[in-house]
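Working notes for the structure below.
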Amino acid sequence: MAYSIRTFGDPVMKTEAAPVTDVDGKLVRLVDDMFDTLYTSDNGVALAAPQIGVQKQIVVWDLGDGERDVIFNPEIVESDGEWFYDEGCLSIPGLYVEIVRPKTVLVRGVDIDGNVVEREAEDFEGRMFQHEYDHLHGILMFDRMLPEQRKQALSEYRKMQRDAADARATTPPRRRLRLR
């Protein structure tokens, strides 16, 4: 079952998620639902549980390379380098902003079988882990921007939201006809 993705302005997006303490059948179903949600989203490659309103430290991802995975209670234990990249977010749809983050990270967490795992990730994969880790701690990409950049990005995002609302308001309702 796919969930609705929570967007900027929803208070859940600024709340710290609780650690996962037990991987049980209910949690496995939630992970499956998170993948369903990710796959029905536009251009999403990863999803953190707070983005669907669940305050648990869970991240699922599929970078399109055939590797679909999940990590519970991730932490970034090391980082190195610097990389500028246009970053987007399912919770801030349509906005892409250049943000600097470390190029390489070492992530530690728990897998679906309850095992402690470590993963070194660089470039796009490393950025994905950092972005989703932020979601687990109530941090959005707006919080990673320089003050002037944030001001411009918020202004642009609000304009995009107004334009989308105007488009919905001017689109005539669809009607279903039964033809015999």
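The values are calculated or read from the model by the stated rules, or taken from the named source; none is laboratory data. Keep in mind that this is a model prediction, so the values were computed, not measured. Methodologically, a virtual Cβ is constructed for each residue, glycine included, from the backbone with ideal geometry; neighbour enumeration extends over all protein chains shown. When the accessible area is computed, the model is the full protein with side chains, heavy atoms only, and any ligands, DNA or RNA have been set aside. Shrake-Rupley method; radii C 1.70, N 1.55, O 1.52, S 1.80 Å.
Summary of computed values
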{"quantity": "For the chain, built as a Gaussian network whose Cα springs stay under 10 Å, the top-fluctuating residue of G94, G126, G138", "calculated": "G94"}
{"quantity": "Whole-number percent relative contact order across region 27-82, with pairs defined as alpha carbons under 8 Å at least 6 apart", "calculated": "24 percent"}
{"quantity": "J(HN,Hα) series, region 27-44, from Karplus relation 6.51 cos²θ - 1.76 cosθ + 1.60, nearest Hz, glycine and proline x", "calculated": "5, 4, 5, 4, 4, 4, 5, 5, 5, 4, 5, 4, 6, 8, 7, 7, 6, x"}
{"quantity": "Derived scalar couplings ³J(HN,Hα) [region 48-53; Karplus, 6.51 cos²θ - 1.76 cosθ + 1.60; whole Hz; x for Gly, Pro]", "calculated": "9, 3, x, 5, 10, x"}
{"quantity": "Extreme residue, positive dipole direction of region 55-156, given options G109, W83, I139 (C-beta unit charges)", "calculated": "I139"}
{"quantity": "Listed residues F84, F129, F35, most fluctuating in the chain (Gaussian network, C-alpha, under 10 Å)", "calculated": "F84"}
{"quantity": "Amide hydrogen neighbours beyond the local backbone of G53, cut-off 5 Å, H modeled", "calculated": "R6"}
{"quantity": "Dipole magnitude of region 31-180, debye to nearest 20 (Cβ charges: Lys/Arg +1, Asp/Glu -1, about Cα centre)", "calculated": "1560 debye"}
{"quantity": "DSSP-assigned coil residues among GluC sites (Glu not before Pro) in region 1-109, each with at most 13 further Cβ atoms within 10 Å", "calculated": "E67, E82"}
{"quantity": "Per-pair calculated FRET efficiency, R0 = 45 Å: V116 and Q152 via Cβ, rounded to 0.05", "calculated": "0.60"}
{"quantity": "Å² of accessible area per residue within region 68-148, as computed with a 1.4 Å probe and no ligands counted", "calculated": "49 Å²"}
{"quantity": "Entry for semi-axes √(5λ) of the Cα gyration tensor in Å (calculated from the structure that is shown) out of (i) 29, 23, 14; (ii) 32, 19, 14; (iii) 25, 19, 16", "calculated": "(i)"}
{"quantity": "Carbon + sulfur, % of accessible area of region 64-180 - ligands and nucleic acids excluded, 1.4 Å", "calculated": "47 percent"}
{"quantity": "Two-site FRET efficiency, W83 against K159, from Cβ-Cβ distance with R₀ of 25 Å, rounded to 0.05", "calculated": "0.35"}
{"quantity": "In Hz, Karplus ³J(HN,Hα) per residue of region 88-101 (6.51, -1.76, 1.60; θ = phi - 60°; x = Gly, Pro)", "calculated": "x, 8, 4, 8, 9, x, x, 9, 10, 9, 6, 10, 8, 9"}
